[in-house]
Structures are given as structure tokens and as C-alpha cells.
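The values are calculated or read from the model by the stated rules, or taken from the named source; none is laboratory data. Everything quoted here is computed from the prediction, not taken from an experiment. Methodologically, a virtual Cβ is constructed for each residue, glycine included, from the backbone with ideal geometry; neighbour enumeration extends over all protein chains shown. Protein only, heavy atoms only, side chains kept; ligands, DNA and RNA dropped before computing areas. Shrake-Rupley method; radii C 1.70, N 1.55, O 1.52, S 1.80 Å.
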Amino acid sequence: MQMKTKREIIGAVEKIHFPEFQLRNIPAKIDTGADLSVLHCIDMHEVKTWHKWILCFTLVDKKNHTGKELQFSNYERVKIRNSFGQSEKRYKVKTLIKIGSKNIRASFSLTDRSAMKYPVLLGTNLIRGRFLVDVSKKFLYSKPKRK
């Protein structure tokens, strides 16, 4: 008999941290209809070094561009079908995130989400088996900063 781990309850929107990128309190929408999580970035391009290809991109928060260009040598290209049924090719990387009390290494597809309200979507690849989502609540793990 398999033991079930206790799943924490998260809201429809949570603040998450990306320790490897030194980013904290990034608003993320929980999307139970998305298979893969998505990270907002711009200027995605590949650069060939003398021995391998490297993926470069700039992370973007809705409030400010970090200006930090990140480089990944371990990445892949994947075909993603959006909610409108259209397919597009995107880059996919793995990184560490912290949500609630959990540190999770998860895959994220990269795209320009400037037209969207939240810079990060957390899909079922990240939430399945770890969290239950209470869609009537937001920020169960963090209170948004007052303006």
C-alpha cells in the first residue's frame, strides 16, 4: 500500500521564489488546465560556443525587467499547444522554485507573457501530487505588499 503525502492547499494566485535567479515574491497564477508551467521572458536566443549551444534569455517581472540575462546549456525545444489549439515551439528549462514550504525543481516553457496579467503560470507538472488548489482564495502563503 502506497502512503500518500500530505498536500498543502494553495490559492489561485501565489507569490513564489526563484532562488537560482535571486527573484522573490513573483506572482504566479495556478493553472490546472495547463500541462507545463510557463515563465515570462524576452530576448530568447541560442548562441553557439566553441563546444555547445547555449540558450540566453532575459527574465521579466511585470513591474520591472530584471535586466539579468540568463544562460542555460541544459535546455530543450518543445512543441506547446496553447488554449486556442495552436501549436508553437518554445524553449524549456528546469529550475528550482520555492512555493510555500516546498522547494521544487520543475520544468518551465519560456515565452513573452507581456500581454498577460501574471508573469508565471504554474501548470499540472508542478502542482500534481503536491498541492490542492482552492480557487476561491489568493496568496495563502504570502500576503501581497501594500502600496
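Go through the range 74-117 and give me each residue that's in contact with a Lys or Arg (Cβ under 8 Å, 6 or more places away or on another chain) and part of a loop (DSSP other than H, G, I, E, B).
Within the range 74-117, ASN74, TYR75, LYS117 qualify.
Inspect the range 7-20 for any residue being at pLDDT below 90 and on the phi > 0 side of the Ramachandran plot and give the result as yes or no.
No, because not a single residue in the range 7-20 is at pLDDT below 90 and on the phi > 0 side of the Ramachandran plot.
Taking the residues in the range 108-120 that are within 11 Å of the chain's Cα centre (by Cα) and open to solvent by 20 Å² or more (accessible area, probe 1.4 Å) as candidates, determine which candidate is farthest from ILE30 (Cα to Cα).
THR111
Working only within the range 43-59, note down all residues that are open to solvent by 40 Å² or more (accessible area, probe 1.4 Å), among the hydrophobic types (A, V, I, L, M, F, W, C) and out of contact with any Phe, Trp or Tyr (no Cβ under 6 Å at 6 or more places or on another chain).
Hits for the range 43-59 are VAL47, TRP50, TRP53.
Please determine, by comparing only the residues of the range 60-73 that are assigned to a strand (DSSP E or B) and open to solvent by less than 70 Å² (accessible area, probe 1.4 Å), which one is modelled with the lowest pLDDT.
Just the residues of the range 60-73 that are assigned to a strand (DSSP E or B), to begin with: 60, 65-72.
If we keep only those that are open to solvent by less than 70 Å² (accessible area, probe 1.4 Å) too, we end up with 60, 66-68, 70, 72.
Values: VAL60: 73, THR66: 60, GLY67: 65, LYS68: 75, LEU70: 88, PHE72: 92.
The extreme case among them is THR66.
Inside the range 18-37, can you point out the residues that are within 19 Å of LEU132 (Cα to Cα) and either surrounded by fewer than 17 Cβ atoms within 10 Å (Cβ to Cβ) or of a type in the set (A, V, I, L, M, F, W, C) (or both)?
ALA28, ILE30, THR32, GLY33, ALA34, ASP35, LEU36
Of all residues in the range 88-106 being among the hydroxyl-bearing types (Ser, Thr, Tyr) and surrounded by 10 or more Cβ atoms within 10 Å (Cβ to Cβ), which is farthest from the chain's Cα centre (by Cα)?
Filtering first and then ranking leaves TYR91.
So which of SER142, SER136 ends up being polar (S, T, N, Q) and either within 10 Å of the chain's Cα centre (by Cα) or exposed (fewer than 13 other Cβ atoms within 10 Å of the Cβ) (or both)?
Of the residues listed, the single one that is polar (S, T, N, Q) and either within 10 Å of the chain's Cα centre (by Cα) or exposed (fewer than 13 other Cβ atoms within 10 Å of the Cβ) (or both) is SER136.
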